[in-house]
Each structure stands twice: as structure tokens, then as C-alpha cells.
1. How many of the residues making up region 141-154 are within 16 Å of the ligand (Cβ to nearest atom) and in contact with a Lys or Arg (Cβ under 6 Å, 6 or more places away or on another chain)?
2. Look at region 166-176 and say how many of its residues are surrounded by 24 or more Cβ atoms within 10 Å (Cβ to Cβ) and either near the ligand (Cβ under 8 Å from one of its atoms) or not aromatic (Phe, Trp, Tyr) (or both).
3. Among the residues of region 57-75, write down those that are part of a helix (DSSP H, G or I), modelled with pLDDT under 85 and touching an Asp or Glu at 6+ places or on another chain (Cβ under 7 Å).
4. Looking at region 124-176 only, could you name the residues that are within 18 Å of residue 63 (Cα to Cα) and of a type in the set (Ser, Thr, Tyr)?
5. I'd like to verify a number: residues in region 17-56 that are modelled with pLDDT of 95 or more, among the polar types (S, T, N, Q) and surrounded by 11 or more Cβ atoms within 10 Å (Cβ to Cβ), how many?
6. How many of the residues making up region 76-133 are part of a loop (DSSP other than H, G, I, E, B) and of a type in the set (Lys, Arg)?
7. Need pairs with beta-carbon distance below 9 Å; first residue farther than 15 Å from residue 94 by Cα and within region 111-124, second within 10 Å of the ligand (Cβ to nearest atom) and small (Gly, Ala, Ser); sequence gap 6+ or separate chains.
8. Which residue is surrounded by the fewest Cβ atoms within 10 Å (Cβ to Cβ), if the candidates are limited to region 141-165 and must be within 22 Å of residue 32 (Cβ to Cβ) and out of contact with any strand residue (DSSP E or B) (no Cβ under 9 Å at 6 or more places or on another chain)?
Amino acid sequence: MIDKDIKHEVIIEDGKTTIAGQRAMLLSVKTIATQQKELERLVGEKWGEVVYEAERKAIQEAALQIFGLKQLDSFTKGKTFDKKRMVDTLVDIFNCAGYGVLKLKKFDEKKPYALVTMEKSTIPQEYEKRNSPVCFRVAGILAGGAEAVFMVPMKCKETKCMSMGDSHCEFEISRR
Ligand SMILES: [Zn+2]
């Protein structure tokens, strides 16, 4: 189900950048952090939802393409999917993208549920210490990826963030 030729690596050629076969653009961390801060200034605490939803939708679609699936409802019960392998694939791809080092700590395929940590988180390093997490972008990516793996609506909540003084970021992924 997962194409053996799947391109985990980042390819940059002829004005076109791809990550795992998906068109991508490289933005500086400063640009992303500045955009986030400006969005927060403009819309208040809802800024995180905007970033989260944009990533969730985009990554759900990209992950489905990576797995050769068209949309969530294309799931057919007759097929067998190695969910753990799908998750490992997405973690590998994610770890090429510069957000930090993602690690799967708990995985319950039946619930479905996952606990992941992210060390050396990039974006929190652009913030002063604060009382709320800043990795909504990553949470959205994880929710979208989880939806492609489990084929049901999923949500992701950041429970620890380096921006709050934690040693790493931590995310819980569960059914929506
Ligand atoms: Zn964080």
C-alpha cells in the first residue's frame, strides 16, 4: 500500500522543491514566527485555530496521496493497512521538515490514540517564555496525518511546549 519508491527526502531542483513527492516551499523560521505573532496580535487567541486547521487539511490530503488513497471515505474494510508502518513513514517525513525531532511514545491502534514528543522544537525558540503553547502548526500536521492513517476525524492537543519552559513539546492525538 505504501509505494516502495516513496520519496522521503527533500528534493530541490529547477525551482521546484518537494518533500515526499509533495510540492513544498522553504520558509525561514523567522518568517513563520513573525507571521504567527502578527496573526495573534490581529485575531487574539484564535490565531492557533487558523494555523491548526490550515495544516490539518493540507496534511491530511498530502498524507492520503502519499499512501495512494484519495479521500477519507475511500477506506474499504477489505483492505489491510499497517497503521504503525504508516505512522513511522509520516514521522520520518516530518523529521525532514525542520520543526524538530518527533518521536512516537504511545500508540494504540484500536482507540485510536497516540502520544508523541518533539524535541529541539524550532518555533518555540523564536518566542519569549509564555503561558500557552505555540506549536499549533505541528498539532495541525499531526491531526491531519492521523486522519489519513486512521481514516476517521482526529484531533491533536499540545500538552507540553518548550515555549512554556518544558524540556520538549508533547502532543496527544485522539478521536475528534
Ligand atoms: Zn511546542
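1. Going residue by residue through region 141-154, those that are within 16 Å of the ligand (Cβ to nearest atom) are 141-143.
Then drop every residue that is not in contact with a Lys or Arg (Cβ under 6 Å, 6 or more places away or on another chain), which leaves 143.
Summing the residues that are within 16 Å of the ligand (Cβ to nearest atom) and in contact with a Lys or Arg (Cβ under 6 Å, 6 or more places away or on another chain) in region 141-154 gives 1.
2. Within region 166-176, residues that are surrounded by 24 or more Cβ atoms within 10 Å (Cβ to Cβ) and either near the ligand (Cβ under 8 Å from one of its atoms) or not aromatic (Phe, Trp, Tyr) (or both) number 2.
3. Within region 57-75, just 72 meets the criteria.
4. Result: 174, single match.
5. Counting residues in region 17-56 that are modelled with pLDDT of 95 or more, among the polar types (S, T, N, Q) and surrounded by 11 or more Cβ atoms within 10 Å (Cβ to Cβ) gives 3.
6. Selection size over region 76-133: 7.
7. 124/100; 124/163
8. So the residue we want is 165.
The values are calculated or read from the model by the stated rules, or taken from the named source; none is laboratory data. Remember, predicted model here, so these are calculated numbers, not experimental data. No Cβ is skipped: glycine too gets one built from the backbone with ideal geometry, and neighbour counts run over all protein chains shown.
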